[in-house]
Structure formats: C-alpha cells, structure tokens
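The values are calculated or read from the model by the stated rules, or taken from the named source; none is laboratory data. Only a predicted model underlies this, so the values are computations on that prediction, with no experimental measurement involved. Because the Cβ atoms are built from the backbone with ideal geometry, glycine has one as well, and the counts that use them run over all protein chains shown.
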Amino acid sequence: MTMASNAGQAGDLLLSVEDVDVGYGHVGVLEGVTLSVRRGSIAALVGRNGAGKSTLLRAISGLLTPSRGQIVFNGRAISRDKPHAIVGAGLLHVAEGRRLFRSQSVDDNLELGVYGLKMDAAGYQRRLARVFELFPVLEEKRRLPAGALSGGQQQMLAIGQAMMREPVLLMLDEPSLGLSPLLVDQVFAAIMALQQAGTTILLVEQLVERALEIASEAWVLQNGRMIASGPAAQIAASEELRAAYMAAH
Amino acid sequence: MDIDILARGLVAGSLYALVAVSFNILYRPTNVFNFAQGELVMLGAMVFASLATVLGWPWYAALIVTLLGVGLLTLLIDVVAVAPVLARSQHGTGWVITTLAASLIIANGVNRIWGPDPIVVRPPAPLTTDTFSLAGMTVSAYQIFLVLLTVILVLAIEQVYRTRQGKAVLAVAEDREAALLRGVNPLRLSRWSFFLGGAFAGLTGVLAAPVLYASTGLGPALLLKGFAAAAVGSIGNNRGALIAGYLIGVTEALGAALLSPGYQEAVVFLLVLCVLLVWPHGLFGRPFARTV
Ligand SMILES: Nc1ncnc2c1ncn2[C@@H]1O[C@H](COP(=O)(O)OP(=O)(O)O)[C@@H](O)[C@H]1O
Ligand SMILES: [Mg+2]
C-alpha cells in the first residue's frame, strides 16, 4: 500500500487515512477510521448527520490533528502538517457551508483561490476562463461581493475558487446543501467535469443515491467508525448503508 | 468664537487617526489590540528627534532608521508577546496583559535613555511651523502638510489591502479557518502586519514631533485617543478611523475653547461614550460579519 513515486499513475492510492482517532479537545469523535482514495477517481463518503464526515475532512486538511494513526497524501505523511502546507501539496477542502469571503468580490475570492501560487497573468487568465466557462453566471457577477450571490451561485464560486488552484485532490463537503434540484444537477455536472479533467475527488453528500451514482468507491461512516467500504454500486445496495441511515445514535 | 479651533482640532485629529490606523493594521489579521501602540509612537518621535535634531542626520536617513527600528521592535512584540499567547488559544485574551507589559517596558526604557525633557523638532525645509493667516485661521505650513499627508497615508494603506497579500489579511479577518483552507498562513501575515503597523506608529511619532515636541509623555494620550478614534470609526475600518480622528480632535479643541482646557478630555470621552452607546460597533458599521 505504499507509494512508489510522487508522479503516480491513475488507479494508485492518492490519499490514505490509516486507523486515525480524531476529536475536539477531549471529546473523541472518530475512532480507528481508515479510508483511501484512488488517483483520478471519485470517492463518496456517506453517513447520517453527526457521523463524523466533516470531522474526517477537517483532519485530512490539517484543521484537526489526529491523536492516533496517520494520513498519507501523494506518498507523504501529512497528519502533522499545517493547513497551508497541505493546501500547498495540492489537497484542497471546500468546507461545509461554502465559507466564502462574503465581503470581498467574486473576483477577489477567485484570486484568493491561487493564494501562494506563482503564475503569470496569462496563466491566471486561462484558469479564470475555465471557471467562467463552467459557471458563466460568475462572470456576470464578478464585481459583486460574494455575500450578495444566491446559495447556488455561492456554491459555484466555492468550487470555482477551488478550481483556480487546480488541486490534485478536491474534497467537497455537502456541495448540494440548500440548492434547488436544477442547481444540484449543475453542481454534479461540474464535479464530473472536474474528474474528467484529471482531478481526484472525495465527495461528502447527503444526496446519497446521487453521490453513489457518480462515485466509483464509497465509504460509510456511522457514529465515528467506518462500517463499510467498497465499489459504490455494491455499497448502494448494501445492508450497512441502510443501517447507517436508520440507526439511532 | 475663534476659528483657529478648527485648525488645531484637525491637526490633533490627524494624529489620532494615524494611531487608529496603526491599531487597525495589527488588528485585522489577529483580532489583537496592541496596547504598546502609544509608546511605539512616542519611541518613533524620540528616535527621530535624537537622530535628526541631536545628531544632525539628514531627515530622510533618520526617518528610514526610525521606521525600520520601530517596525522591527513591533515584530518582536508579536514574536515574544502575542503569537505565543494566540498559539495557546486563538480566542484567549492574554495579549491584553502581554501587550500592556510591552508598553510599560518601552516606556521605562525610553525614560532611562532619554529622561523627561522634551526635544524640539523642526520640520525639514520648506515646511515650517511659522504661522500665517489663512481664511481667518492662524496656521503653519507644517499643519496643512500634516492634515493632507494623513489623508494620503490612509488612502495608501487602503491600497495595501488591494494587493493579494492584503486581500488575504482581510480574508483572515473575516473567516480565519476558511483562509487556512485556501493556503493562507496567518502567522506570516500577522508578522508582516506587526512590522507595518509598528513602522506606521513610528511614522506617526515622527509626524507628531514638530507639533507636540518629542517627549516621553506622548504615549498614553495618543494611545487613548487613537484607540477612541478606532472604536468610533469602527474597528478595522481605516476611512472610519480618519473621520473619527477628526471628529475627536475637533471636539477636543471645541471643549477646550468653550469650557476650559481642564474639561477637554472629559468632553472627548463623553462623545466617545455617547457614540458607542448608540452605535456599539462605531459609526461605520461592522467591517465584517465574523464567523467563528
Ligand atoms: N467544533 C466541535 N466541537 C465539539 N464537537 C463537535 C464539533 N464539531 C462537530 N462536533 C461533534 O462531532 C460529531 C461529528 O460531527 P460532524 O463531523 O460535523 O458530522 P457530519 O459531518 O457527519 O454531520 C458530532 O457529534 C458533533 O456534535
Ligand atoms: Mg458535516
């Protein structure tokens, strides 16, 4: 399960979380959690509210430090790294609730997407054009503060901001939350377009069926433990998935 | 009524606004008020006065050394007194004590080195503090320069926040964790902000010296009124600080003229109290809605 090189090939393990415990202060949330994501794939992480999905993403992006176990990204242990170093390594986390800089303009938010990267103006414009191609509405609203956008537009901006960095692995936490069905379709189309362009995706979604449709592998979290994993189609029909969504805490 | 009051009020108000802006520069990425800010202004005035007046250095050399020196000292305050406190707890308030301690140490040190006597500082030619009559007011070229330069400096500082690093500082101020997830390293931005805010405080001291003299007593008064200007103008809002600085300066001058100089402080803080009772976040609203 170790990586031979950083360059990597499609199909090898890009991210592996190995037997981690994570909590807030002295309150434990995750216990012995393991998860892995193959390069180039879409992996879905599902489980009911409060299962610990966001907590796991926060540990992967360095906002929380596991008290046990380790996290390996692109062949490198990152469990003790600071969040900015993890972003620098190409692992990006679009947090639940979008967390845009609401008082800054759409343009400024997109610019912050490339914070810390060195690139010339032409390279920047090329990335901007890709975002606007996928989400034309952002170009129309580029001078407005992000806080003035609708929920769906804010989600597009959050994904667009992440695209600006061209991450190796993109983790999306509940991207469809609060969106109308039409916008949900757009967001899922965008996720698939990103995967086609080579980005690996770890998707946390409350629309479980839709997430399992586009994912190749799925992981099921219940009360802070990983209770099932496997090919998404298999998980979709599994007893564990049903149990995870029915069980009381 | 003597309309010189307006000129005096605007000059004092400019200094309060500059102190308030230096508060804001440090506050934005850290949510910390550096209570040593007043003494850093005083230190800037003393260092510049010593180099330029006592040692006879050219003003620009004295200015550069003053800004670098006070900026680096403020960076040291971050490294020693602020960053370690915030590393323990991002929402802790230990910095109140540690920055006050830094303030006392600087005040004591300066008293040791320079003693209590003020140093007279003359502005470089062609600026002078000789007064002339303008539209019925008695003013000096230096006073006019100071008021205009203050506006320019505040607008220039706002331009810093249009750069990518500046936008990142605003991002940290608005949602620190979200900024972390975009690859921002807040510690690095804090250190730069402390350096910049310190240099700005030093510059304020240099600019204050010709009108107030360089003396060790400068710190506390500028700290209090500068802080008041920052609060009335809404913390973090530099244009607000500019307007609030003028408002406080003019109120103070009016209070001194209409009542008596003994009441000028009371009038100022009565105004501050009233404004903050009605608008707790200052006259210019909350700069950002914080998500914690
Ligand atoms: N900041 C926090 N402090 C303490 N406990 C938290 C915090 N955030 C989440 N939790 C707890 O951690 C558990 C998992 O939450 P979370 O990871 O948000 O679940 P999910 O994303 O699967 O809905 C919940 O019991 C929640 O109450
Ligand atoms: Mg969640």
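Do we have any residue at all in the stretch A:120-138 that's surrounded by fewer than 17 Cβ atoms within 10 Å (Cβ to Cβ), within 13 Å of chain B (Cβ to nearest Cβ) and in a helix (DSSP H, G or I)? Yes, the stretch A:120-138 contains a residue that is surrounded by fewer than 17 Cβ atoms within 10 Å (Cβ to Cβ), within 13 Å of chain B (Cβ to nearest Cβ) and in a helix (DSSP H, G or I). In the set (1) part of a helix (DSSP H, G or I); (2) within 16 Å of ligand 1 (Cβ to nearest atom); (3) not hydroxyl-bearing (Ser, Thr, Tyr), the condition left unmet by A:ALA193 is number (2).
Residues of the stretch A:49-79 being within 13 Å of ligand 2 (Cβ to nearest atom) and among the polar types (S, T, N, Q), which ones? Hits for the stretch A:49-79 are A:ASN49, A:SER54, A:THR55.
Only one of the numbered conditions (1) within 14 Å of chain A (Cβ to nearest Cβ); (2) part of a helix (DSSP H, G or I) is not met by B:LEU196, and that is (1).
The sole residue among A:LEU57, A:LEU63, A:LEU15, A:LEU35 that is at pLDDT 95 or above and surrounded by fewer than 20 Cβ atoms within 10 Å (Cβ to Cβ) is A:LEU63.
The conditions are (1) away from chain B (no Cβ under 14 Å); (2) within 16 Å of ligand 1 (Cβ to nearest atom); (3) of a type outside the set (Lys, Arg); (4) within 29 Å of A:LEU212 (Cβ to Cβ), and A:ILE42 fails exactly one of them. Which is it? (2) is the only condition that A:ILE42 fails. In the stretch B:45-62, the residues that are free of Cβ contacts under 8 Å to residues at least 40 places away in the same chain form Cβ pairs under 7 Å with partners that are in a loop (DSSP other than H, G, I, E, B), at six or more places apart or across chains, as follows: B:LEU51/B:TRP57.
Yes or no, residue by residue, for (1) touching a Ser or Thr at 6+ places or on another chain (Cβ under 8 Å); (2) within 16 Å of ligand 1 (Cβ to nearest atom):
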{"site": "A:ASP19", "(1), (2)": "yes, no"}
{"site": "A:VAL33", "(1), (2)": "no, yes"}
{"site": "A:GLY62", "(1), (2)": "no, yes"}
{"site": "A:ALA85", "(1), (2)": "no, no"}
{"site": "A:GLY90", "(1), (2)": "no, no"}
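Would you point out the residue of the stretch A:221-233, among those that are without any contact (Cβ under 8 Å) to a residue 40 or more places away in the chain and among the small types (Gly, Ala, Ser), that is farthest from ligand 2 (Cβ to nearest atom)? Filtering first and then ranking leaves A:ALA233.
Among residues of the stretch B:188-230 being among the polar types (S, T, N, Q) and in contact with a Phe, Trp or Tyr (Cβ under 9 Å, 6 or more places away or on another chain), the one that is modelled with the highest pLDDT is B:SER193. Among the candidates A:ALA211, A:ALA197, single out the residue that is outside the structural domain of A:ALA129 (by TED's automatic domain parsing), more than 16 Å from ligand 2 (Cβ to nearest atom) and either over 26 Å from A:GLY116 (Cβ atoms) or without any contact (Cβ under 8 Å) to a residue 24 or more places away in the chain (or both). So the residue among A:ALA211, A:ALA197 that is outside the structural domain of A:ALA129 (by TED's automatic domain parsing), more than 16 Å from ligand 2 (Cβ to nearest atom) and either over 26 Å from A:GLY116 (Cβ atoms) or without any contact (Cβ under 8 Å) to a residue 24 or more places away in the chain (or both) is A:ALA197.
Here A:ALA218 fits the description: farther than 24 Å from B:GLY183 by Cα, away from ligand 2 (no atom under 16 Å from the Cβ) and not in a helix (DSSP H, G or I).
Checked against (1) out of contact with any Phe, Trp or Tyr (no Cβ under 8 Å at 6 or more places or on another chain); (2) within 19 Å of B:TYR27 (Cα to Cα); (3) surrounded by fewer than 16 Cβ atoms within 10 Å (Cβ to Cβ), B:VAL96 meets all criteria but (1). Set side by side, the residues A:GLY8, A:GLY52 differ, and just one is in contact with a strand residue (DSSP E or B) (Cβ under 8 Å, 6 or more places away or on another chain), assigned by TED's automatic domain parsing to the domain that holds A:LEU241 and at pLDDT below 95, which is A:GLY8.
Criterion applied to B:VAL139, B:VAL121 was being buried (at least 19 other Cβ atoms within 10 Å of the Cβ), in contact (Cβ under 8 Å) with a residue 60 or more places away in the chain and in contact with an Asp or Glu (Cβ under 9 Å, 6 or more places away or on another chain), and the one residue passing it is B:VAL139.
Condition check ((1) within 14 Å of another protein chain (Cβ to nearest Cβ); (2) under 23 Å from the mean Cα position of the chain (by Cα); (3) of a type in the set (Phe, Trp, Tyr)) across all residues:
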| position | (1), (2), (3) |
| --- | --- |
| B:GLY92 | no, no, no |
| B:LEU127 | no, yes, no |
| B:LEU134 | no, no, no |
| B:LYS167 | yes, yes, no |
| B:PRO186 | yes, yes, no |
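The set of residues from the stretch A:198-249 being more than 16 Å from ligand 1 (Cβ to nearest atom), of a type outside the set (Ser, Thr, Tyr) and buried (at least 19 other Cβ atoms within 10 Å of the Cβ) comprises A:ILE201, A:LEU212, A:ALA215, A:GLU217, A:ALA232, A:ILE235. Let me confirm something: among A:HIS93, A:HIS84, A:HIS26, which residue is surrounded by 18 or more Cβ atoms within 10 Å (Cβ to Cβ) and more than 16 Å from ligand 2 (Cβ to nearest atom)? On inspection, the qualifying residue turns out to be A:HIS84.
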